[in-house]
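S.K.: Have a look at the structure that comes next, please.
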Amino acid sequence: MNSSVKTESLDSLLAACDRLAGKYRIFAPTLEDAVTGFRPLDAMTKEQRKAVDAIAFANKPPVTSVKSFFFPDSEIYIKFSREGRAVTQMDLDVCAPQIILGAKSCDVRSVELIDKVFLAGPIDTMYQERRQKTIVIATVCHEMGDNCACQEFGVSPAASAADVLMAKGCRGDIYLTPQTVKGEQLVQELCTVGSFAVCASLPIPVFDGAVEQLVAEQVQARMDKSFDSPVWERLAMTCIGCGTCTYYCPTCHCYDIRDFSRRDQGVRYRTWDSCMFLSFTNMAGGHNPRPTRADRLRNRFFHKLNYFVKKQGELACVGCGRCAELCPVGISISSVLKQIGSDLHES
Amino acid sequence: MRKISEALREVAGRLLRSGEVDLVLGYAWSEQGQGTVPYVAFTAEEAANLCFDTTSRMALSKYLLQDTFLGKRVALVVKGCDYRALKLSLSENRIERKHTYLIGIDCPMMDGSPFCLICQHKCPPAEDVDILLTEADEAGELKASSHQEAFPEIPSIERMSGDERFEYWKRQLNRCKRCYSCRHACPVCTCRQCLFDRDNQDAVDPAKDVLAQHQFYHIIRAFHVADRCVGCGQCAQVCPEGIPLHLLHQKLQLELHKHYGSYRAGLDELPSPLSHAHAHEPDFFGKVGKQ
Amino acid sequence: MTNEGFEPKIVAFCCNWCSYAGADLAGVGRLKYPENIRIIRVPCSSRVDAALVLRAFQNGADGVMIAGCHPGDCHYDTGNYHTRKRMVLLMSLLEFIGLSRERLLVKWISGNEAERFSATVLGFTKELRQMGAYEKARDLRCVR
């Protein structure tokens, strides 16, 4: 459909992006206090701009995923104020068009998965607006990172449905290949503000298919059989019940709705919540259907590997490896799958 | 750490075979291959997975407060800092000593931990544990550094101007996602109902994009564990965003020592400095004096 | 940076037995002190913990004052010993984290020290007018 364009360096691409800063908010992955994450390009220090190269083209995603661009960790959706008896609803800031420069295949895929939740009826209009206004430029991985399991979950490290694919040639030149209408428009815009040349696409790195992809229905069936397995109690013994896995997982999407008000003003907002917290299923009256850590752990993995398959036909994991890297006690979806598998073989 | 690991496996196997304990809580090599993680062995076969090395950082004593461990006889692997935290729980009657078999470890320094540089209590007292394992042929004492050498960030932050300090902590705290890993990993953060879990919406607000709420959480948590901190370093270790919140706790420790004398949680007799107050203590707000 | 006509909001936690009585006496004696102060009566100054102070700043206070009995005179014997212990630590931590320790004032004011009360409020108000509005610990979602 569309051919690629290239520019001589990442700096040149970033400079072109700078010229679009009036129209878009542009985010790129970089380092802040030794932690990787996406930051606005126009707020980066010189060092952070230099660091974009290494992190955008690393063979693993940054610590924070792209989910917060579509589903922010806190989002006000009603703002009101009162004068006497009159209550007025105030206007909210409109989401500006944004560009994510340097997402990875796993994260791109994760957005497709949560699209099934937020863009199915009733449509989540806040999510939808952000989705429509965001353009994703993804990079490819050339090898698997230490904790990566993307291929097992059907994600190709070297290909994704991002709006634009970005690759780096051996001389440091940057290739952009648009894959959607939005992507094509952005590339054309970039070409008008930067020095780009039309060219042939870079070859996509080939992964030899040595990794066996999991079959969603098989995993779902395995999970069904292990609902009463002692493996959940076992895992719960070392789980500390924090919310790290849920907040850093690119497909976890549970949220809480809260009000915050002071006298004559207030907001209603939604904010990430974690099923690992005891209070997650607390009900009025004091009942909690998931009172033990084992209950909550089991629920999380069932959501990812069973319920989501039943409802949406897919496994809700993209193998990004964040749970493996960040869990303080080393529980990850891969280790759970291993335990479920071996547990069944024993019985 | 070969000697300690071997001795540990031997002790654990023996305890499980004889039925003296229901389970052994220690460390094993992580499946992700990133060091050791907490591990529970129920059988002598599983005991063979136990090991202990310089990545065995996680504090284990807190697990004994969990419902999954209550009522069980547990053999617990305790290194110095963990032992101190356990002592606190014992003195608060949260755990019964008779239900525990303590496998004390003469702790080597954990990889990359500034806390270990200033640790004065790497080995639990032999008389307080049921067995003490040491790597006998490893030479000598840990070289103890000064607090400043271990935490140079504290004097460095103190040298900043007020605005610079604010910007520094604003940048750090804005990354906080309130995952509460710090709270869950801390072995002395043991309240049955934490302030931040209360449903009262006036008490706490879970918004993650409001700096004032992050300040509130971190300052109050630092206050609540101020005189209980045992210097295990887990709070900063587990933080996914690399926020150096251990500096807040260490700063408070320094202030406590400065004004009220040295107090080592879990080692010194209760009451702790913040649970009592006396007439003879310094008055900072007196009629004539300045703050 | 200080706006013309900026009037700071001060939240004052006054202990029932001494400082609140002192404030009362100031009122009875028609002593003038600025209206910037909002008094919250507590049974003892030690009722005030770090959370209350931070909440006051979050909700828009530009300064927080804690007034209690003089050490040795606490109605509950040892309450104010706890207050001073706690507050000196809070001030150090506030300073360390980049918030202003100068905006937290702890003062011992007894029931008959009406002038001391009004002078303290006047002095604190003047200082805060100089320091300006306090945004650093403010929850900016509801700004009056």
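S.K.: Can you find a residue in the stretch B:72-87 that is under 13 Å from the mean Cα position of the chain (by Cα), assigned to a strand (DSSP E or B) and not small (Gly, Ala, Ser)?
M.R.: Let us first name the residues in the stretch B:72-87 that are under 13 Å from the mean Cα position of the chain (by Cα), namely B:78-87.
Imposing the further condition that a residue be assigned to a strand (DSSP E or B) reduces the set to B:78.
The next check asks that each one be not small (Gly, Ala, Ser); those that pass are B:78.
Yes, the conditions are met somewhere in the stretch B:72-87.
S.K.: Moving on. Provide a single number: the residues in the stretch B:100-141 that are modelled with pLDDT of 90 or more, within 16 Å of the chain's Cα centre (by Cα) and of a type in the set (Val, Ile, Thr).
M.R.: Of the residues in that region, 1 qualify.
S.K.: Within the stretch B:36-69, count every residue that is closer than 27 Å to A:Met144 by Cβ, in a loop (DSSP other than H, G, I, E, B) and without any contact (Cβ under 8 Å) to a residue 40 or more places away in the chain.
M.R.: 1
S.K.: Continuing with the same structure: Search the stretch B:253-264 for residues that are more than 10 Å from chain C (Cβ to nearest Cβ) and within 15 Å of B:Ile118 (Cα to Cα) and pair each with any residue that is of a type in the set (D, E, K, R) and not in a loop (DSSP other than H, G, I, E, B) when their beta-carbon atoms are under 9 Å apart and the residues are at least 6 apart or on different chains.
M.R.: As it stands, the answer is B:Arg264/B:Arg84, since those pairs meet every condition given.
S.K.: Within the stretch A:312-330, restricting attention to residues that are of a type in the set (A, V, I, L, M) and part of a loop (DSSP other than H, G, I, E, B), which residue is nearest to the other protein chains (Cβ to nearest Cβ)?
M.R.: So in the stretch A:312-330, the residues of a type in the set (A, V, I, L, M) come out as A:315-316, A:318, A:324, A:326, A:329.
Of the ones still in play, those that are also part of a loop (DSSP other than H, G, I, E, B) are A:315-316, A:318, A:329.
Values: A:Leu315: 20, A:Ala316: 19, A:Val318: 17, A:Val329: 5 Å.
Residue satisfying both the conditions and the ranking: A:Val329.
S.K.: Here is a further query. For B:Arg57, are the conditions met, namely being farther than 24 Å from B:Thr43 by Cβ, within 10 Å of the chain's Cα centre (by Cα) and within 14 Å of another protein chain (Cβ to nearest Cβ)?
M.R.: Numbers: farther than 24 Å from B:Thr43 by Cβ: yes; within 10 Å of the chain's Cα centre (by Cα): yes; within 14 Å of another protein chain (Cβ to nearest Cβ): yes.
Here the answer is yes, as B:Arg57 does meet what is asked.
S.K.: Still on this structure: Take A:Arg296 and tell me if it is surrounded by 15 or more Cβ atoms within 10 Å (Cβ to Cβ) and part of a strand (DSSP E or B).
M.R.: Working: surrounded by 15 or more Cβ atoms within 10 Å (Cβ to Cβ): yes; part of a strand (DSSP E or B): no.
So A:Arg296 does not fit the description; no.
S.K.: Would you be able to say whether some residue in the stretch A:266-279 is touching a His at 6+ places or on another chain (Cβ under 6 Å), of a type in the set (A, V, I, L, M) and either buried (at least 17 other Cβ atoms within 10 Å of the Cβ) or modelled with pLDDT of 90 or more (or both)?
M.R.: First, the residues of the stretch A:266-279 that are touching a His at 6+ places or on another chain (Cβ under 6 Å): none.
No, the conditions are met nowhere in the stretch A:266-279.
S.K.: Hey, another quick one. Out of curiosity, is A:Asp208 part of a loop (DSSP other than H, G, I, E, B), out of contact with any Asp or Glu (no Cβ under 7 Å at 6 or more places or on another chain) and either touching a residue at least 40 places away in the same chain (Cβ under 8 Å) or of a type outside the set (Lys, Arg) (or both)?
M.R.: Details: part of a loop (DSSP other than H, G, I, E, B): yes; out of contact with any Asp or Glu (no Cβ under 7 Å at 6 or more places or on another chain): yes; either touching a residue at least 40 places away in the same chain (Cβ under 8 Å) or of a type outside the set (Lys, Arg) (or both): yes.
For A:Asp208, the condition - part of a loop (DSSP other than H, G, I, E, B), out of contact with any Asp or Glu (no Cβ under 7 Å at 6 or more places or on another chain) and either touching a residue at least 40 places away in the same chain (Cβ under 8 Å) or of a type outside the set (Lys, Arg) (or both) - is met.
S.K.: For A:Glu152, indicate whether it is over 30 Å from A:Phe301 (Cα atoms), outside the structural domain of A:Met276 (by TED's automatic domain parsing) and not in a loop (DSSP other than H, G, I, E, B). Spell out how you get there, then give the answer.
M.R.: Details: over 30 Å from A:Phe301 (Cα atoms): no; outside the structural domain of A:Met276 (by TED's automatic domain parsing): yes; not in a loop (DSSP other than H, G, I, E, B): yes.
No.
S.K.: Residues to consider are A:Phe196, A:Phe207, A:Phe227; find the one that is loosely packed, with under 14 Cβ neighbours inside 10 Å and among the aromatic types (Phe, Trp, Tyr). Let's see the steps before the verdict.
M.R.: On the way: A:Phe196 fails: loosely packed, with under 14 Cβ neighbours inside 10 Å; A:Phe207 fails: loosely packed, with under 14 Cβ neighbours inside 10 Å.
It is A:Phe227.
Okay, residues lined up against (1) more than 24 Å from A:Tyr24 (Cβ to Cβ); (2) within 14 Å of the chain's Cα centre (by Cα):
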residue: A:Glu83; (1), (2): yes, no
residue: A:Ala96; (1), (2): no, no
residue: A:Ile100; (1), (2): no, yes
residue: A:Gln132; (1), (2): no, no
residue: A:Ile137; (1), (2): no, yes
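S.K.: If we scan the stretch B:68-81, do we find a residue that is touching a Lys or Arg at 6+ places or on another chain (Cβ under 8 Å) and under 25 Å from A:Trp232 (Cα atoms)?
M.R.: yes
S.K.: Looking at A:Asn306, A:Asn299, A:Asn282, which one is more than 11 Å from every other protein chain (Cβ to nearest Cβ) and without any contact (Cβ under 8 Å) to a residue 60 or more places away in the chain?
M.R.: A:Asn299
S.K.: Here's a follow-up. Return the residues of the stretch B:110-136 that are part of a strand (DSSP E or B) and surrounded by fewer than 18 Cβ atoms within 10 Å (Cβ to Cβ); say none if nothing qualifies. Working first, answer last.
M.R.: First pass over the stretch B:110-136, keeping only residues part of a strand (DSSP E or B): B:131-133.
Correct list: B:Ile131 only.
S.K.: With respect to B:Asp199, is the statement that it is free of Cβ contacts under 8 Å to residues at least 24 places away in the same chain, closer than 27 Å to B:Leu65 by Cα and not assigned by TED's automatic domain parsing to the domain that holds B:Asp111 true? Steps first, answer last, please.
M.R.: Working: free of Cβ contacts under 8 Å to residues at least 24 places away in the same chain: yes; closer than 27 Å to B:Leu65 by Cα: yes; not assigned by TED's automatic domain parsing to the domain that holds B:Asp111: yes.
Here the answer is yes, as B:Asp199 does meet what is asked.
S.K.: For the stretch B:88-109, give me each residue that is outside any helix (DSSP H, G or I) and either surrounded by fewer than 17 Cβ atoms within 10 Å (Cβ to Cβ) or among the charged types (D, E, K, R) (or both).
M.R.: Pass one, the stretch B:88-109, residues outside any helix (DSSP H, G or I): B:92-96, B:100-109.
Answer for the stretch B:88-109, where residues must be outside any helix (DSSP H, G or I) and either surrounded by fewer than 17 Cβ atoms within 10 Å (Cβ to Cβ) or among the charged types (D, E, K, R) (or both): B:Glu92, B:Asn93, B:Arg94, B:Glu96, B:Asp106, B:Met109.
S.K.: I'd like to know if the stretch B:88-99 contains one or more residues that are closer than 20 Å to B:Asp130 by Cα and either at pLDDT 95 or above or within 13 Å of another protein chain (Cβ to nearest Cβ) (or both).
M.R.: Within the stretch B:88-99, the first condition is being closer than 20 Å to B:Asp130 by Cα, and the residues that meet it are B:88-91, B:93-99.
Now narrow it down to the ones that are either at pLDDT 95 or above or within 13 Å of another protein chain (Cβ to nearest Cβ) (or both): none.
No - not one qualifying residue is present in the stretch B:88-99.
S.K.: Name the one entry in B:Arg183, B:Arg192, B:Arg178, B:Arg171 that is within 30 Å of B:Ile219 (Cα to Cα), more than 20 Å from the chain's Cα centre (by Cα) and not assigned by TED's automatic domain parsing to the domain that holds B:Val74.
M.R.: Numbers: B:Arg183 fails: more than 20 Å from the chain's Cα centre (by Cα); B:Arg192 fails: more than 20 Å from the chain's Cα centre (by Cα); B:Arg178 fails: more than 20 Å from the chain's Cα centre (by Cα).
Going through B:Arg183, B:Arg192, B:Arg178, B:Arg171 in turn, the sole match is B:Arg171.
S.K.: If I filter the stretch B:199-249 down to residues being part of a loop (DSSP other than H, G, I, E, B) and among the charged types (D, E, K, R), which single residue comes out as farthest from the other protein chains (Cβ to nearest Cβ)? Lay out the reasoning, then the answer.
M.R.: Here is the first cut: in the stretch B:199-249, the ones part of a loop (DSSP other than H, G, I, E, B) are B:199-210, B:225-233, B:239-245.
Now restrict to residues that are among the charged types (D, E, K, R): B:199, B:202, B:205, B:208-209, B:227-228, B:241.
Values: B:Asp199: 7, B:Asp202: 9, B:Asp205: 6, B:Lys208: 4, B:Asp209: 4, B:Asp227: 10, B:Arg228: 14, B:Glu241: 5 Å.
If we take residues in the stretch B:199-249 being part of a loop (DSSP other than H, G, I, E, B) and among the charged types (D, E, K, R), then B:Arg228 is farthest from the other protein chains (Cβ to nearest Cβ).
The values are calculated or read from the model by the stated rules, or taken from the named source; none is laboratory data. Nothing here was measured: the structure is a model prediction, and the numbers come from that model. Using ideal geometry, Cβ is built from the backbone for each residue, glycine included, and neighbour counts are taken over all protein chains shown.
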